[in-house]
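Visitor: The following block contains the structure, expressed as structure tokens.
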Amino acid sequence: MKVDSKQLKEFLVDAEMVDEKTINDAIKTEEETGKPLSDILLEQKAITEENLRKMYAYILGIPFVDLEKETIPKDILQFVPEPIARKNNIVAFQKQGEELRVAMLNPDDIQTIDFLKKKTGLKISPCFTSQAGITAALRQYERSLKAEFGDIISDEEEQQPAGEESLEKIAQDLPIIKIVDTLLKHAILQAASDIHIEPDEKEVHIRYRIDGVLQETMTLPKQVLAGIIARIKVLANLKLDEHRIPQDGRFKIEEEGKKISFRVSILPVFDGEKVVMRVLNESAKGLTLEDMGFWGLSLERIHSAIKRPNGMVLVTGPTGSGKTTTLYTVMDILNTPEVNISTIEDPIEYRMPRINQTQVKAKIGMTFASGLRALLRQDPDIIMVGEIRDSETMQIAMNAAMTGHLVLSTLHTNSAAAAIPRMVDMKAEAFLIASTVNVILAQRLVRKICPDCRKKTEIAAKKLTQVGESLDFNVIKKAVQKGDSVELKGLKDIKSLNEATFFKGAGCDKCNGEGYKGRIGIYEVLEVSEGIQRLISSNATSDEIDKLSRKEGMFSMFEDGLIKAMIGSTTLEEILRVTEE
């Protein structure tokens, strides 16, 4: 917005909205930091956002509209598609003849205005509004969606045919297609990882898993269940008339230029069939290890381990802790024309170029073990085994690691050190474990604080004391010495948790009021050094292995999480939630 600091100062002082001393101090801060004057005044709470935007509107001669109490007709709201509205903070609220009035946070966004002009064929008249006004208007899309579902469902009730022979016809009915398409579209918009369609006696509950937490999205009448299930079965190429046994399938759609894959699981339950669909964005940009939350010594150890020509890299953690994503990220780093990478997976989550990916099919004898044997005859340099579940797979994987291959795989254990006795339980020889495993990492996923509403928070002294009792703060001090970010450098002089700053998300429209947006990993990375090798060979316990690895610089997942909480990536509550056993 083209309002310079001098103009803004004059108008604010004349309107007696901000006193001259406050604004002069803010201008001085602007000169020192380069931060816009408006942002400084808002941070200092010298003016409200609404009053500031009203002043901008007055200076620029653009109308200001308060949308918080405005009820926008559905047909007007739909002139701006919901994804455009959310992405660009723009909402259509009134139409007069050939003129469409839109409320914006930034009326200088000529690109969006031109897009709407071409899309609607109308003259676009921009107005200022506040963030609270945009948030209130965006909620009306949700009410509009529910109204749309009501119309679809009433149509479906009128058209609903009866009998099993009609399932194929139901799946092709326009109302059912609209319901399923809308559920898929909103899951993509909300960045959901899973869609749950769950029947009970009288209703069908729709839930999305967003940032690892299930959230109730909508409740539909029971009569649409058969149609929804039939439509999903058609999309996933499953048997329409099979209701007694589980079925698995997959399908793809393209939404706004993105290729989205849905992995479908259908399970018979007491009140019908339950559907869970995993949402996989195949167009998503690949992550780096740093993006995922690796830093310092942990990052160095991973890079060192994957540069070796042979050995094993093991990722451990419970289901849903992001193990496969970590392996895919490592494969992306290693994926060059000079190496042959082959995988055996169940299921194949993402397609990767130049990587030979094989799907486990137990019904025809293609297990992890048999698939791994076949891979070894394919001249591989790097092998990824989706999961080591049994002693046969373990033996083959270890032999591969010994004979010049780099093997990447996962195990289900709670900590890095616990992977060693787990491998022994699977009949692996201790001396082979010691000589073949390069590194073991354990991980969990925590929700990240929304950057748009992050603020400092106070933690009760009692809770800090309880946390501190199980913590050696020297480990944290030693760990942050390896960190090179500004935030980590700020922790180097802290002597206890009482001196630390913690954060939380206040909740805003960008995070749907949750205070969290996105996820990040917390890790512990155990390097199999000479000392650890000697302990493994002497059948040491996981506690003994953990103790030595900590002496050699490993910090626990809890400590990694605590550091991330102190630099504002996540909250203390999230760390406690995922690390409590």
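The values are calculated or read from the model by the stated rules, or taken from the named source; none is laboratory data. This is a predicted model, so every value here is computed, not measured. Positions of Cβ are generated from backbone atoms using ideal geometry, with glycine treated the same way; all protein chains shown enter the neighbour counts. Side chains included, ligands, DNA and RNA excluded: accessible areas come from the protein's heavy atoms. Shrake-Rupley method; radii C 1.70, N 1.55, O 1.52, S 1.80 Å.
Visitor: So the check is Cβ under 7 Å with 6+ separation or different chains; which pairs have a first residue in the stretch 43-71 that's under 18 Å from residue 95 (Cα atoms) and open to solvent by less than 60 Å² (accessible area, probe 1.4 Å) and a second one that's among the basic types (Lys, Arg) and assigned to a helix (DSSP H, G or I)?
Guide: Listed by first residue and then by second, the contacts come to 64/53; 64/54.
Visitor: Answer yes if at least one residue in the stretch 542-552 is modelled with pLDDT of 85 or more, under 30 Å from residue 430 (Cβ atoms) and not in a helix (DSSP H, G or I), and no otherwise. Full working, then the answer.
Guide: Step one: filter the stretch 542-552 for residues modelled with pLDDT of 85 or more, giving 542-552.
Filter once more, so that each one left must be under 30 Å from residue 430 (Cβ atoms): 542-552.
If we keep only those that are not in a helix (DSSP H, G or I) as well, we get 552.
Yes: one or more hits.
Visitor: Among (1) closer than 29 Å to residue 258 by Cβ; (2) open to solvent by less than 60 Å² (accessible area, probe 1.4 Å); (3) in a helix (DSSP H, G or I); (4) modelled with pLDDT of 80 or more, there is one condition residue 181 misses while meeting the rest; what is its number?
Guide: Among (1) closer than 29 Å to residue 258 by Cβ; (2) open to solvent by less than 60 Å² (accessible area, probe 1.4 Å); (3) in a helix (DSSP H, G or I); (4) modelled with pLDDT of 80 or more, the lone unmet condition for residue 181 is (2).
Each row is one residue, and each column tells you yes or no for (1) open to solvent by 20 Å² or more (accessible area, probe 1.4 Å); (2) over 22 Å from residue 298 (Cβ atoms).
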site	(1), (2)
495	yes, yes
498	yes, yes
518	yes, no
523	no, no
527	yes, no
544	yes, no
564	no, no
571	no, no
575	no, no
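Visitor: Filter the stretch 344-357 for residues that are modelled with pLDDT of 90 or more and open to solvent by 40 Å² or more (accessible area, probe 1.4 Å) and give the result.
Guide: Correct list: 354, 356.
Visitor: I need a count of the residues in the stretch 108-131 that are under 20 Å from residue 97 (Cβ atoms), free of Cβ contacts under 8 Å to residues at least 40 places away in the same chain and among the β-branched types (Val, Ile, Thr).
Guide: Total meeting the criteria: 2.
Visitor: For the stretch 383-430, which positions are open to solvent by 10 Å² or more (accessible area, probe 1.4 Å) and either of a type in the set (S, T, N, Q) or under 19 Å from residue 352 (Cα atoms) (or both)?
Guide: Within the stretch 383-430, 386, 387, 391, 395, 399, 403, 413, 414, 415 meet the criteria.
Visitor: For residue 290, only one of the following conditions fails: (1) open to solvent by 40 Å² or more (accessible area, probe 1.4 Å); (2) farther than 29 Å from residue 443 by Cβ; (3) assigned to a helix (DSSP H, G or I). What is its number?
Guide: (2)
Visitor: Here's another thing I want to ask about it. Does residue 329 count as outside any strand (DSSP E or B), among the polar types (S, T, N, Q), open to solvent by less than 40 Å² (accessible area, probe 1.4 Å) and over 20 Å from residue 556 (Cβ atoms)?
Guide: yes
Visitor: Which numbered condition trips up residue 218, out of (1) more than 20 Å from residue 175 (Cβ to Cβ); (2) at pLDDT below 90?
Guide: (1)
Visitor: So the check is Cβ under 8 Å with 6+ separation or different chains; which pairs have a first residue in the stretch 419-437 that's under 16 Å from residue 388 (Cα atoms) and free of Cβ contacts under 8 Å to residues at least 60 places away in the same chain and a second one that's assigned to a loop (DSSP other than H, G, I, E, B) and of a type in the set (A, V, I, L, M)?
Guide: Every condition considered, the pairs that remain are 426/388.
Visitor: Moving to a separate point now. Could you check how many residues of the stretch 236-267 are more than 28 Å from residue 353 (Cβ to Cβ) and exposed (fewer than 14 other Cβ atoms within 10 Å of the Cβ)?
Guide: Quick first cut of the stretch 236-267, residues more than 28 Å from residue 353 (Cβ to Cβ) only: 238-247, 266-267.
Next, only the ones that are exposed (fewer than 14 other Cβ atoms within 10 Å of the Cβ) stay: 239, 241-242, 244-246, 267.
So the answer is 7.
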